[in-house]
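Engineer: Mind having a look at this structure? Questions to follow.
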Amino acid sequence: MSSTKGLQALVFGASGITGWAITNSALCYPTSTTFSRVVGLTSRPLSLEGSYLPVDSRLQLYSGLDLSKDAKTIAEYLKRVENISSITHVYFAAYVHRGWGDEDSEQKIKENVEFIVNAVAAVEEVTSNPPIPATPPFRPPRLIATLPV
């Protein structure tokens, strides 16, 4: 059973380039004891051996996350994570990357914004640590309007 004390990281998109780097860094930076647990979430199957992440008892990988689902479904998936309510830090590096530059770019932006909005809502539902309010408040529709297409 994992420790529920100390800082605990949850990384969405742990199998991608950015998510892998965040997961790897959480295990060793700024020290090897900063996080008592690091949980990596991926959409596609990923074994520890196939991840090329260090063998570390603090690391847990969970595959099969579908961020195209609604927040309630994502929250149900997150409830499979041992001691999910103890997570203290969330890192989001998941995104839809197919189709950039084509006529569906606006649709991909919309999908990616929905991913993060639903993920945040799901995390808020399953964790016991209250979120720290962002300043200014997160406004997805405005984000869509300001991203270059």
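Read the figures in this text as sums done on the coordinates, not as results from a lab. Everything numeric in this text was worked out from a predicted model, so none of it was measured. Don't worry about glycine lacking a Cβ; one is built from the backbone with ideal geometry, like all the others, and counts go over all protein chains shown.
Engineer: If packing is taken as the average count of other Cβ atoms within 10 Å, what order do 79-88, 36-45, 114-123 fall into, highest mean first?
Structural biologist: The packing order, highest mean first, is 36-45, 114-123, 79-88.
Engineer: Can you list the lysines whose alpha carbon sits under 24 Å from that of Lys110, skipping same-chain ones fewer than 8 residues off?
Structural biologist: The reachable lysines, counting only those whose Cα sits under 24 Å from Lys110, are Lys69, Lys72.
Engineer: Sticking with this one: Per residue of the range 110-119, in order, report the coupling 6.51 cos²θ - 1.76 cosθ + 1.60 (Karplus, θ = phi - 60°) as ³J(HN,Hα) in whole Hz, putting x for Gly and Pro.
Structural biologist: 4, 4, 5, 5, 4, 4, 6, 4, 5, 5
Engineer: Report the full-extension gain for the segment Cys28 to Thr88: residue separation times 0.36 nm, less the Cα-Cα distance, to one decimal in nm.
Structural biologist: Contour length minus Cα-Cα distance gives 19.9 nm.
Engineer: I'd like the Karplus ³J(HN,Hα) series for the range 51-59: coefficients 6.51, -1.76, 1.60, θ = phi - 60°, whole numbers in Hz, and an x wherever there's a Gly or Pro.
Structural biologist: My calculation for the range 51-59 gives 7, 6, 7, x, 6, 8, 5, 7, 8 Hz in order.
Engineer: Say a paramagnetic label sat at a point 7 Å from the Cα of Leu7, along Cα to Cβ; which residues of the range 24-61 have their backbone N under 14 Å from it?
Structural biologist: 24-39
Engineer: Using the Karplus equation 6.51 cos²θ - 1.76 cosθ + 1.60 (θ = phi - 60°), what ³J(HN,Hα) coupling, rounded to whole Hz, does each residue of the range 82-90 give in order, writing x for Gly and Pro?
Structural biologist: 4, 6, 4, 5, 8, 4, 10, 9, 10
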